[in-house]
Amino acid sequence: MRILAIDPGEKRLGLALSDSTGTIASPLMVLNHISHDENAARIIQLATERGVEKIIIGQALSMDGESTLSSRRAGRLAGAIRSRTSLPVEFWDETGSTKTARETRIAMGASRKKRSGHLDEIAATIILQSYLDWTNLK
């Protein structure tokens, strides 16, 4: 099953895609945020083109498990996507994904200059790989 993951940021959306077996996540691209409706339309088009069967949206909650500004933004995006497609849309905890993405770039030996760019597609890949690992353990 091919799965698309989204790291919904305020300015950009990082996208990652699984292989057809639902085992390995890979970075796909970064979309600049326009509006939830425009973003949803672009995401559904990409999902259709790539044969996606499920969409995962990263959602960060507070330490108490409460909604945050970021999680409400993810919820609005999910609502816009759900209103346009019958594909299942699920939330997955994205807490720490950007920090892990930054640490990954450092571990890979990226120069400070290359590390200063956006990490959105790497964060989406980390979110998706976490989801895939969890589902494949079940």
When residues of the stretch 36-57 are filtered for being under 15 Å from Ala124 (Cα atoms) and touching a helix residue (DSSP H, G or I) at 6+ places or on another chain (Cβ under 8 Å), how many remain? 4
Within the stretch 1-44, strands (runs of 3 or more DSSP E) holding 1 or more residues that are within 21 Å of Ala60 (Cα to Cα) and acidic (Asp, Glu): 3-8
Is the stretch 82-95 home to any residue that is assigned to a strand (DSSP E or B), within 15 Å of Arg12 (Cα to Cα) and modelled with pLDDT of 75 or more? no
Look through Ala16, Ala60 and report the one residue that is crowded, with 18+ Cβ neighbours inside 10 Å, in contact with a helix residue (DSSP H, G or I) (Cβ under 9 Å, 6 or more places away or on another chain) and free of Cβ contacts under 8 Å to residues at least 40 places away in the same chain. Ala60
Residues Ser35, Ser67, Ser62, Ser26: which one is hydroxyl-bearing (Ser, Thr, Tyr), over 14 Å from Leu4 (Cβ atoms) and modelled with pLDDT of 85 or more? Ser35
Would a scan of the stretch 63-86 turn up a residue that is in contact (Cβ under 8 Å) with a residue 24 or more places away in the chain and in contact with a Ser or Thr (Cβ under 6 Å, 6 or more places away or on another chain)? no
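The values are calculated or read from the model by the stated rules, or taken from the named source; none is laboratory data. Values in this document were obtained by computation on a predicted structure and should not be read as measured data. We place every Cβ from the backbone using ideal geometry, glycine too, and count neighbours over all the protein chains shown.
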